[in-house]
1. Yes or no: ARG144 outside any helix (DSSP H, G or I), within 30 Å of SER210 (Cβ to Cβ) and of a type outside the set (Phe, Trp, Tyr)?
2. Looking at the range 155-172, which of its residues are buried (at least 19 other Cβ atoms within 10 Å of the Cβ), over 14 Å from GLY4 (Cα atoms) and touching a residue at least 60 places away in the same chain (Cβ under 8 Å)?
3. Taking the condition of being basic (Lys, Arg) and within 27 Å of the chain's Cα centre (by Cα), how many residues in the range 67-106 meet it?
4. Any chance the range 8-24 includes a residue that's assigned to a helix (DSSP H, G or I) and either surrounded by 14 or more Cβ atoms within 10 Å (Cβ to Cβ) or of a type in the set (A, V, I, L, M, F, W, C) (or both)?
5. Mind checking which residues of the range 123-144 are over 15 Å from ALA77 (Cβ atoms) and among the β-branched types (Val, Ile, Thr)?
6. Checking the structure you have, find out if any residue of the range 66-82 is touching a strand residue (DSSP E or B) at 6+ places or on another chain (Cβ under 7 Å), surrounded by 15 or more Cβ atoms within 10 Å (Cβ to Cβ), among the hydroxyl-bearing types (Ser, Thr, Tyr) and closer than 22 Å to ILE22 by Cβ.
7. Being more than 30 Å from ILE46 (Cβ to Cβ) and in a helix (DSSP H, G or I) narrows it down to one of ASN105, ASN157, so name that one.
8. With touching a Phe, Trp or Tyr at 6+ places or on another chain (Cβ under 7 Å) and under 30 Å from GLU66 (Cα atoms) as the only criterion, which of LEU164, LEU186, LEU182 stands out?
Amino acid sequence: MEQGSIIHIDYDLFNANTEKLIETTREEVAKEHDVFDENRTYVPMITIVGSGRLIKGFETHLEDAEADTDYNFDIEAIDAYGERDQSLIETISQNVLLKSVRDPNTLHIGGPVEIGGRTGILQFLSAGRARIDYNHPLAGATLRYDYKITKVVEDRNEQVETLLKMNTGREDFEVEFEGDDLTVTLPEEISYDQNWPYAKFSLVQTIRESLGVGVVVFREVHKPRAIEEE
């Protein structure tokens, strides 16, 4: 698959050591493994080949992948989330832990905790001490991916729309090219999103790196609200 290609991927991710399903984009697989979430929409993942958004082992495998082909392969820990690092397991006083969480009643062994801006897993809590594991939950695990590239986005307008959706979760942008210059008409509601002013700068960089566009204009349209007659 060519570097910079914008693709849709259906995949199932397993812990190869335990055969446990970790993540899937396919509803039927989630149901088969009794992890179906009715509040979630199961759709293919969108990514850019070679962008570094995925773990190293998956990025490398995509380089030789083709669309509409089923793949099954393992990724060793070193090319996934790394080996477990004992230095990332720390013991702190229970008082420090309790002062760092908003609601101590939510604490439980195996649950996430945030201490000093770092998120870890609470492993042990007793006798005034707490042990926190700051390793990634999948550190040390060999991963198995079953995947298929279901679509390669070729149309330029659709490429922009796909990048916008990938970064904002929205599909209600209007896209127009004039030569290499791009105008994106924004949905009115996005002006109320506090993250948008920061997200758009990252979007411009992603669009330019992926598509080689020139000037990028974000256009706001505020239509008058209709007044209902009594």
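1. Answer is yes for this residue.
2. The answer is none; no residue qualifies.
3. Here is the first cut: in the range 67-106, the residues basic (Lys, Arg) are 84, 99, 102.
Narrowing further to those that are within 27 Å of the chain's Cα centre (by Cα): 84, 102.
Qualifying residue count, the range 67-106: 2.
4. Checking the range 8-24: not a single residue is assigned to a helix (DSSP H, G or I) and either surrounded by 14 or more Cβ atoms within 10 Å (Cβ to Cβ) or of a type in the set (A, V, I, L, M, F, W, C) (or both).
5. ILE132
6. Scanning the range 66-82 turns up at least one residue that is touching a strand residue (DSSP E or B) at 6+ places or on another chain (Cβ under 7 Å), surrounded by 15 or more Cβ atoms within 10 Å (Cβ to Cβ), among the hydroxyl-bearing types (Ser, Thr, Tyr) and closer than 22 Å to ILE22 by Cβ.
7. Answer to the selection: ASN105.
8. Residue meeting the stated conditions: LEU164.
Here, each number is a calculation from the coordinates, and none is a lab measurement. Here the structure is a predicted model, which means the values were calculated and not measured. Here Cβ is always computed from backbone atoms with ideal geometry, including for glycine, and neighbour counts include all displayed protein chains.
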